[in-house]
Amino acid sequence: MTQMTQMGRLLEKKVLFFGGKGGVGKTTCASATALAASHAGKRVLLVSTDPAHSTSDIFEREIGPEPVELLPNLWGLEIDGAIESKRYVANVKQQIQGLFGDHIMKEANKQIDLAASMPGAEEMALFDRMGGLIRGEDTRFDLIVFDTAPTGHTLRLIRMPELMEAWIRALSRSRQAMLGIEQDDKTDPVMISLTGRLEGLREFRARLLSPRVSAFLLVLVAERLPIEETARAIEQLDEAGVSLGGLIVNRILPESSPDPFLQSRHAQEVVYLNEIDRRFAKHTRVRVPQLPSDVHGIKTLQTLAEILVPNGDA
Ligand SMILES: Nc1ncnc2c1ncn2[C@@H]1O[C@H](COP(=O)(O)OP(=O)(O)O)[C@@H](O)[C@H]1O
Ligand SMILES: [Mg+2]
(Lines give C-alpha, C1' and ligand atoms only; values in the text may rest on other atoms or scores of the structure.)
(Ligands and ions follow the chains in the order given, each with its own letter.)
Protein backbone atom coordinates (compact mmCIF):
# COMPACT_ATOMS: atom_id res chain seq x y z
CA MET A 1 0.00 0.00 0.00
CA THR A 2 1.32 3.44 -0.85
CA GLN A 3 1.68 6.09 1.81
CA MET A 4 -1.01 8.15 0.13
CA THR A 5 -3.63 5.41 0.35
CA GLN A 6 -2.99 5.34 4.08
CA MET A 7 -4.02 9.01 4.32
CA GLY A 8 -7.20 8.08 2.48
CA ARG A 9 -7.87 5.36 5.02
CA LEU A 10 -7.57 7.85 7.86
CA LEU A 11 -10.70 9.55 6.56
CA GLU A 12 -12.62 6.50 7.79
CA LYS A 13 -11.87 7.44 11.41
CA LYS A 14 -14.19 9.54 13.56
CA VAL A 15 -11.61 11.85 15.10
CA LEU A 16 -8.31 13.11 13.71
CA PHE A 17 -5.87 15.31 15.59
CA PHE A 18 -3.19 17.36 13.90
CA GLY A 19 -0.31 18.27 16.15
CA GLY A 20 3.21 19.60 15.89
CA LYS A 21 5.37 22.62 16.55
CA GLY A 22 4.11 26.14 15.87
CA GLY A 23 4.37 27.15 12.22
CA VAL A 24 4.98 23.71 10.69
CA GLY A 25 1.59 23.62 8.95
CA LYS A 26 -0.89 22.05 11.38
CA THR A 27 -3.75 24.38 10.46
CA THR A 28 -2.97 24.07 6.76
CA CYS A 29 -2.81 20.26 6.77
CA ALA A 30 -5.84 19.86 9.06
CA SER A 31 -7.88 22.15 6.80
CA ALA A 32 -6.75 20.38 3.63
CA THR A 33 -7.55 16.97 5.11
CA ALA A 34 -10.96 18.16 6.28
CA LEU A 35 -11.63 19.47 2.77
CA ALA A 36 -10.54 16.16 1.21
CA ALA A 37 -12.83 14.26 3.58
CA SER A 38 -15.77 16.51 2.75
CA HIS A 39 -15.18 15.83 -0.96
CA ALA A 40 -15.19 12.13 -0.18
CA GLY A 41 -18.73 12.57 1.12
CA LYS A 42 -18.06 12.78 4.85
CA ARG A 43 -19.79 15.41 6.94
CA VAL A 44 -16.78 17.05 8.52
CA LEU A 45 -16.31 19.43 11.42
CA LEU A 46 -12.96 21.20 11.50
CA VAL A 47 -12.24 22.34 15.05
CA SER A 48 -9.50 24.75 15.98
CA THR A 49 -8.36 24.64 19.59
CA ASP A 50 -5.30 26.82 19.08
CA PRO A 51 -5.77 30.20 20.78
CA ALA A 52 -4.07 31.63 17.66
CA HIS A 53 -7.08 30.58 15.57
CA SER A 54 -6.27 30.60 11.90
CA THR A 55 -8.86 28.39 10.27
CA SER A 56 -10.96 31.52 9.73
CA ASP A 57 -7.93 32.97 7.95
CA ILE A 58 -7.54 30.05 5.56
CA PHE A 59 -11.25 29.84 4.75
CA GLU A 60 -11.52 33.61 4.69
CA ARG A 61 -14.64 33.40 6.84
CA GLU A 62 -15.59 34.36 10.36
CA ILE A 63 -15.64 31.18 12.48
CA GLY A 64 -16.75 31.18 16.11
CA PRO A 65 -17.76 29.04 19.08
CA GLU A 66 -20.64 27.38 17.19
CA PRO A 67 -20.22 25.30 14.00
CA VAL A 68 -20.58 27.35 10.80
CA GLU A 69 -21.02 25.78 7.39
CA LEU A 70 -18.00 26.67 5.25
CA LEU A 71 -18.64 24.52 2.21
CA PRO A 72 -20.98 21.65 1.40
CA ASN A 73 -20.26 18.92 3.99
CA LEU A 74 -17.70 21.05 5.79
CA TRP A 75 -18.21 23.01 9.01
CA GLY A 76 -15.77 25.05 11.04
CA LEU A 77 -15.59 25.72 14.77
CA GLU A 78 -13.09 27.69 16.82
CA ILE A 79 -13.15 26.92 20.52
CA ASP A 80 -11.39 28.81 23.19
CA GLY A 81 -10.99 28.18 26.89
CA ALA A 82 -11.99 31.67 28.01
CA ILE A 83 -15.30 31.58 26.12
CA GLU A 84 -16.06 27.97 27.12
CA SER A 85 -15.40 28.77 30.75
CA LYS A 86 -17.75 31.79 30.67
CA ARG A 87 -20.38 29.68 29.02
CA TYR A 88 -19.98 26.95 31.60
CA VAL A 89 -20.32 29.41 34.47
CA ALA A 90 -23.43 31.01 32.98
CA ASN A 91 -24.91 27.56 32.57
CA VAL A 92 -24.24 26.48 36.15
CA LYS A 93 -25.62 29.76 37.51
CA GLN A 94 -28.74 29.31 35.45
CA GLN A 95 -29.20 25.76 36.67
CA ILE A 96 -29.24 26.80 40.31
CA GLN A 97 -31.25 29.96 39.66
CA GLY A 98 -34.30 30.09 41.90
CA LEU A 99 -33.32 27.02 43.92
CA PHE A 100 -32.19 29.08 46.87
CA GLY A 101 -32.93 32.36 48.55
CA ASP A 102 -31.19 35.60 47.57
CA HIS A 103 -28.57 35.41 50.25
CA ILE A 104 -27.42 31.87 49.42
CA MET A 105 -27.56 32.58 45.69
CA LYS A 106 -25.26 35.54 46.09
CA GLU A 107 -22.78 33.44 48.02
CA ALA A 108 -23.06 30.52 45.55
CA ASN A 109 -22.46 32.82 42.57
CA LYS A 110 -19.40 34.20 44.31
CA GLN A 111 -18.05 30.68 44.80
CA ILE A 112 -18.71 29.80 41.18
CA ASP A 113 -16.89 32.90 39.95
CA LEU A 114 -14.01 32.06 42.23
CA ALA A 115 -13.78 28.50 40.91
CA ALA A 116 -13.86 29.81 37.34
CA SER A 117 -10.92 32.11 37.97
CA MET A 118 -8.67 29.34 39.31
CA PRO A 119 -5.63 28.38 37.24
CA GLY A 120 -6.50 25.60 34.82
CA ALA A 121 -10.24 26.40 34.78
CA GLU A 122 -10.16 27.57 31.16
CA GLU A 123 -8.21 24.55 30.04
CA MET A 124 -10.71 22.36 31.83
CA ALA A 125 -13.62 24.06 30.09
CA LEU A 126 -11.90 23.67 26.72
CA PHE A 127 -11.28 20.04 27.45
CA ASP A 128 -14.92 19.57 28.42
CA ARG A 129 -16.10 20.92 25.09
CA MET A 130 -13.59 18.73 23.21
CA GLY A 131 -14.80 15.74 25.21
CA GLY A 132 -18.38 16.34 24.09
CA LEU A 133 -17.29 16.53 20.46
CA ILE A 134 -15.12 13.41 20.71
CA ARG A 135 -17.98 11.49 22.31
CA GLY A 136 -19.98 12.32 19.21
CA GLU A 137 -22.61 14.46 20.94
CA ASP A 138 -23.18 16.41 17.75
CA THR A 139 -24.58 13.77 15.44
CA ARG A 140 -24.43 16.03 12.41
CA PHE A 141 -20.83 15.00 11.77
CA ASP A 142 -19.09 11.83 10.58
CA LEU A 143 -15.58 13.09 11.16
CA ILE A 144 -14.08 15.65 13.52
CA VAL A 145 -10.71 17.10 12.60
CA PHE A 146 -8.87 18.91 15.39
CA ASP A 147 -6.36 21.57 14.48
CA THR A 148 -4.59 21.69 17.80
CA ALA A 149 -2.31 24.06 19.67
CA PRO A 150 1.42 23.27 19.68
CA THR A 151 2.23 19.78 20.94
CA GLY A 152 2.69 20.18 24.71
CA HIS A 153 -0.73 21.67 25.31
CA THR A 154 -2.53 19.00 23.33
CA LEU A 155 -0.72 16.12 24.99
CA ARG A 156 -1.79 17.51 28.33
CA LEU A 157 -5.38 17.59 27.14
CA ILE A 158 -5.11 13.99 26.03
CA ARG A 159 -4.04 12.91 29.50
CA MET A 160 -6.86 14.89 31.08
CA PRO A 161 -9.59 12.18 31.08
CA GLU A 162 -7.25 9.92 33.01
CA LEU A 163 -6.46 12.61 35.58
CA MET A 164 -10.05 13.72 35.90
CA GLU A 165 -11.31 10.19 36.35
CA ALA A 166 -9.03 9.75 39.32
CA TRP A 167 -10.13 13.07 40.74
CA ILE A 168 -13.86 12.40 40.32
CA ARG A 169 -13.46 8.93 41.80
CA ALA A 170 -11.90 10.49 44.89
CA LEU A 171 -14.70 13.08 45.11
CA SER A 172 -17.36 10.42 44.85
CA ARG A 173 -15.66 8.24 47.47
CA SER A 174 -15.66 11.09 49.96
CA ARG A 175 -19.29 11.89 49.14
CA GLN A 176 -20.23 8.25 49.73
CA ALA A 177 -18.40 8.18 53.03
CA MET A 178 -19.98 11.45 54.15
CA LEU A 179 -23.55 10.34 53.41
CA GLY A 180 -23.01 6.64 54.11
CA ILE A 181 -24.33 5.67 50.65
CA GLU A 182 -23.27 3.20 47.94
CA GLN A 183 -21.39 3.92 44.71
CA ASP A 184 -24.55 3.37 42.63
CA ASP A 185 -26.76 5.58 44.78
CA LYS A 186 -29.60 7.13 42.78
CA THR A 187 -30.96 9.52 45.40
CA ASP A 188 -28.15 11.98 45.96
CA PRO A 189 -28.02 14.55 43.10
CA VAL A 190 -24.29 15.09 43.66
CA MET A 191 -23.57 11.36 43.28
CA ILE A 192 -25.78 11.17 40.20
CA SER A 193 -23.88 14.05 38.65
CA LEU A 194 -20.47 12.58 39.55
CA THR A 195 -21.40 9.18 38.18
CA GLY A 196 -22.64 10.82 34.97
CA ARG A 197 -19.36 12.67 34.55
CA LEU A 198 -17.38 9.54 35.20
CA GLU A 199 -19.30 7.69 32.49
CA GLY A 200 -18.74 10.59 30.09
CA LEU A 201 -15.02 10.58 30.79
CA ARG A 202 -14.78 6.83 30.33
CA GLU A 203 -16.43 7.07 26.96
CA PHE A 204 -14.20 10.00 25.99
CA ARG A 205 -11.12 8.00 26.93
CA ALA A 206 -12.30 4.85 25.20
CA ARG A 207 -12.87 6.74 21.95
CA LEU A 208 -9.58 8.58 22.23
CA LEU A 209 -7.66 5.34 22.77
CA SER A 210 -9.48 3.31 20.14
CA PRO A 211 -7.35 3.15 16.96
CA ARG A 212 -10.55 2.49 15.05
CA VAL A 213 -12.03 5.82 16.16
CA SER A 214 -9.14 8.25 16.65
CA ALA A 215 -5.74 8.93 15.17
CA PHE A 216 -3.11 11.56 15.77
CA LEU A 217 -1.14 13.06 12.90
CA LEU A 218 2.09 14.85 13.57
CA VAL A 219 3.12 17.59 11.18
CA LEU A 220 6.77 18.54 10.87
CA VAL A 221 9.22 20.19 8.52
CA ALA A 222 12.61 18.73 7.64
CA GLU A 223 14.60 20.65 10.23
CA ARG A 224 16.35 19.67 13.42
CA LEU A 225 14.01 21.02 16.13
CA PRO A 226 10.76 19.79 14.59
CA ILE A 227 12.34 16.33 14.22
CA GLU A 228 13.25 16.27 17.90
CA GLU A 229 9.83 17.52 18.93
CA THR A 230 8.22 14.82 16.78
CA ALA A 231 10.31 12.12 18.42
CA ARG A 232 9.22 13.34 21.86
CA ALA A 233 5.58 13.59 20.84
CA ILE A 234 5.63 10.03 19.46
CA GLU A 235 6.97 8.79 22.79
CA GLN A 236 4.32 10.67 24.75
CA LEU A 237 1.46 9.57 22.51
CA ASP A 238 2.70 6.04 22.87
CA GLU A 239 2.76 6.34 26.65
CA ALA A 240 -0.75 7.78 26.64
CA GLY A 241 -1.87 4.90 24.41
CA VAL A 242 -3.06 7.11 21.54
CA SER A 243 -2.49 5.72 18.08
CA LEU A 244 -0.29 7.62 15.66
CA GLY A 245 -1.90 7.92 12.25
CA GLY A 246 1.30 9.09 10.64
CA LEU A 247 3.67 11.94 9.99
CA ILE A 248 3.20 14.71 7.48
CA VAL A 249 6.51 16.11 6.34
CA ASN A 250 5.52 19.53 5.08
CA ARG A 251 7.11 22.26 2.97
CA ILE A 252 9.59 20.16 1.04
CA LEU A 253 11.61 22.21 -1.45
CA PRO A 254 11.70 21.40 -5.17
CA GLU A 255 14.40 18.91 -6.05
CA SER A 256 15.99 20.64 -8.98
CA SER A 257 16.59 24.33 -9.03
CA PRO A 258 19.14 26.41 -10.95
CA ASP A 259 19.37 28.69 -7.94
CA PRO A 260 22.49 27.91 -5.85
CA PHE A 261 20.79 29.11 -2.66
CA LEU A 262 17.87 26.72 -3.16
CA GLN A 263 20.30 23.95 -4.17
CA SER A 264 22.13 24.34 -0.92
CA ARG A 265 18.89 24.48 1.10
CA HIS A 266 17.73 21.36 -0.67
CA ALA A 267 20.98 19.49 0.05
CA GLN A 268 20.54 20.31 3.74
CA GLU A 269 16.93 19.21 3.61
CA VAL A 270 17.84 15.85 2.08
CA VAL A 271 19.98 15.11 5.12
CA TYR A 272 16.99 15.72 7.41
CA LEU A 273 14.58 13.84 5.16
CA ASN A 274 16.87 10.83 5.37
CA GLU A 275 17.00 11.20 9.11
CA ILE A 276 13.19 11.33 9.25
CA ASP A 277 12.95 8.17 7.14
CA ARG A 278 15.47 6.41 9.32
CA ARG A 279 14.16 7.45 12.75
CA PHE A 280 10.47 7.15 11.99
CA ALA A 281 10.72 4.17 9.64
CA LYS A 282 7.86 2.28 11.22
CA HIS A 283 5.37 5.13 10.86
CA THR A 284 3.48 6.25 7.80
CA ARG A 285 5.12 9.32 6.30
CA VAL A 286 3.54 11.62 3.75
CA ARG A 287 5.55 14.33 2.02
CA VAL A 288 4.01 17.65 1.06
CA PRO A 289 5.86 20.09 -1.19
CA GLN A 290 6.39 23.74 -0.40
CA LEU A 291 3.84 25.58 -2.55
CA PRO A 292 4.91 28.75 -4.34
CA SER A 293 2.68 30.87 -2.08
CA ASP A 294 1.05 30.79 1.34
CA VAL A 295 -2.01 28.59 1.67
CA HIS A 296 -4.98 30.95 1.66
CA GLY A 297 -8.44 30.44 0.31
CA ILE A 298 -10.12 27.34 -1.04
CA LYS A 299 -8.10 27.08 -4.25
CA THR A 300 -4.66 26.54 -2.75
CA LEU A 301 -6.21 24.40 -0.05
CA GLN A 302 -7.70 22.23 -2.76
CA THR A 303 -4.26 21.75 -4.34
CA LEU A 304 -2.96 20.59 -1.01
CA ALA A 305 -5.96 18.34 -0.37
CA GLU A 306 -5.21 16.52 -3.62
CA ILE A 307 -1.59 16.05 -2.64
CA LEU A 308 -2.53 14.68 0.77
CA VAL A 309 -5.40 12.49 -0.36
CA PRO A 310 -5.27 12.02 -4.14
CA ASN A 311 -8.64 11.73 -5.87
CA GLY A 312 -10.39 8.43 -5.66
CA ASP A 313 -8.35 7.29 -2.71
CA ALA A 314 -10.88 7.76 0.01
N1 LIG B 1 3.02 23.27 1.93
C2 LIG B 1 3.03 24.58 2.11
N3 LIG B 1 3.41 25.42 1.10
C4 LIG B 1 3.42 26.76 1.29
N5 LIG B 1 3.07 27.37 2.42
C6 LIG B 1 2.69 26.61 3.45
C7 LIG B 1 2.64 25.18 3.36
N8 LIG B 1 2.22 24.71 4.56
C9 LIG B 1 2.02 25.77 5.36
N10 LIG B 1 2.29 26.92 4.71
C11 LIG B 1 2.24 28.30 5.24
O12 LIG B 1 3.02 28.32 6.42
C13 LIG B 1 2.43 29.16 7.42
C14 LIG B 1 2.23 28.36 8.70
O15 LIG B 1 1.29 27.32 8.47
P16 LIG B 1 0.16 26.94 9.54
O17 LIG B 1 -0.66 25.86 8.94
O18 LIG B 1 -0.55 28.17 9.98
O19 LIG B 1 1.07 26.39 10.71
P20 LIG B 1 0.67 25.97 12.22
O21 LIG B 1 -0.81 25.81 12.25
O22 LIG B 1 1.40 24.69 12.47
O23 LIG B 1 1.17 27.06 13.10
C24 LIG B 1 1.14 29.68 6.82
O25 LIG B 1 1.36 30.95 6.31
C26 LIG B 1 0.84 28.70 5.68
O27 LIG B 1 0.13 29.31 4.64
MG1 LIG C 1 -2.23 26.82 13.44
(request) Would you mention how many residues in region 1-48 are over 17 Å from P289 (Cβ atoms), more than 10 Å from ligand 2 (Cβ to nearest atom) and of a type in the set (V, I, T)? (result) 4
(message) Taking the criterion of being at pLDDT 95 or above, away from ligand 2 (no atom under 16 Å from the Cβ) and in contact with a strand residue (DSSP E or B) (Cβ under 8 Å, 6 or more places away or on another chain), would at least one residue in region 253-267 satisfy it?
(response) no
(message) Which numbered condition in (1) in contact (Cβ under 8 Å) with a residue 60 or more places away in the chain; (2) of a type in the set (A, V, I, L, M, F, W, C); (3) away from ligand 2 (no atom under 16 Å from the Cβ); (4) in the same structural domain as P161 (by TED's automatic domain parsing) is the only one that V295 fails?
(response) (3)
(message) Checking G131 against (1) more than 16 Å from ligand 2 (Cβ to nearest atom); (2) assigned to a loop (DSSP other than H, G, I, E, B): exactly one of these is not met. Which one?
(response) (2)
(request) Sort out which residues of region 22-38 are in a loop (DSSP other than H, G, I, E, B) and either away from ligand 1 (no atom under 16 Å from the Cβ) or in contact with a strand residue (DSSP E or B) (Cβ under 7 Å, 6 or more places away or on another chain) (or both), and write them in order of number. (result) V24, G25
(message) Checking G41 against (1) surrounded by fewer than 22 Cβ atoms within 10 Å (Cβ to Cβ); (2) assigned to a helix (DSSP H, G or I): exactly one of these is not met. Which one?
(response) (2)
(message) Looking only at residues that are among the small types (G, A, S) and touching a Leu at 6+ places or on another chain (Cβ under 9 Å) in region 46-64, which one is nearest to ligand 1 (Cβ to nearest atom)?
(response) S48
(message) Can you find, within region 65-76, the residue that is nearest to ligand 1 (Cβ to nearest atom) among those that are touching a strand residue (DSSP E or B) at 6+ places or on another chain (Cβ under 9 Å), in a strand (DSSP E or B) and in contact (Cβ under 8 Å) with a residue 40 or more places away in the chain?
(response) L74
(message) Tell me the residue from V295, V271 that is aliphatic (A, V, I, L, M) and touching a Gly at 6+ places or on another chain (Cβ under 9 Å), please.
(response) V295
(message) If I filter region 111-133 for residues that are hydrophobic (A, V, I, L, M, F, W, C), at pLDDT 90 or above and on the phi < 0 side of the Ramachandran plot, do I get at least one hit?
(response) yes
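The values are calculated or read from the model by the stated rules, or taken from the named source; none is laboratory data. What you see is a predicted model; the values in this text were computed from it and never measured. Positions of Cβ are generated from backbone atoms using ideal geometry, with glycine treated the same way; all protein chains shown enter the neighbour counts.
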